[in-house]
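Everything on this sheet refers to the single structure shown next.
The values are calculated or read from the model by the stated rules, or taken from the named source; none is laboratory data. Quantities reported herein were computed from a predicted structural model and do not represent experimental measurements. Methodologically, a virtual Cβ is constructed for each residue, glycine included, from the backbone with ideal geometry; neighbour enumeration extends over all protein chains shown.
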Amino acid sequence: MPKTSKVVKKKPKIPTKNSPSVIKISKNYIPKDTEKYMCDKHKVFFKMKLQEWKKELVKANNEALYNGSMDDNSISADIVDQASSYTDKTVELKAINRQIKLISKIDKALIRIKDGTYGYCAETAEPIGLKRLMARPIAELCIAAQEKHEKEEKVYADD
């Protein structure tokens, strides 16, 4: 009778709080150029920064929507008050819409951290750089690619 061998696949180890593969950083940690670019500490730092930013935006949007629904002056008899209220609501809704788009960009950045592409230019695959990421954590392009993109936008806008 021939022997059959059983192939056993190892399950990938998922980090837990007790396992040594979980990277912990202090609250006042700041990524340094002397560290390897996009090392685990950098990824954890930017992930925490993005998650905190997203949480603040969601909270601000919820408050704005709640408070906006409470301040309903559109039933005012004065047409000027109604127009003013309408304008205020329009501006507020545009701001909320911008923040929703920003939340979407934050989610995309968190996905890039997960898949290992965060911190690298989407066009050139070159490092974006810590300074740029500190200023704009959702950046997808390095400065050179971003400038090229903006010049192209300007050229097409002028047509």
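Quick notes on this structure:
- Inclusion of residue 41 among residues that are within 23 Å of residue 115 (Cβ to Cβ), surrounded by 11 or more Cβ atoms within 10 Å (Cβ to Cβ), at pLDDT 90 or above and charged (D, E, K, R) is warranted.
- The stretch 106-154, residues that are over 22 Å from residue 29 (Cα atoms) and buried (at least 16 other Cβ atoms within 10 Å of the Cβ): 121, 140, 141, 142, 145, 146
Quick grid of which residues meet (1) part of a helix (DSSP H, G or I); (2) modelled with pLDDT under 95; (3) touching a helix residue (DSSP H, G or I) at 6+ places or on another chain (Cβ under 7 Å):
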residue: 75; (1), (2), (3): no, yes, no
residue: 89; (1), (2), (3): yes, yes, yes
residue: 95; (1), (2), (3): yes, yes, no
residue: 108; (1), (2), (3): yes, no, no
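- Single residue of 97, 67, 61 found to be surrounded by 13 or more Cβ atoms within 10 Å (Cβ to Cβ) and not aliphatic (A, V, I, L, M): 61
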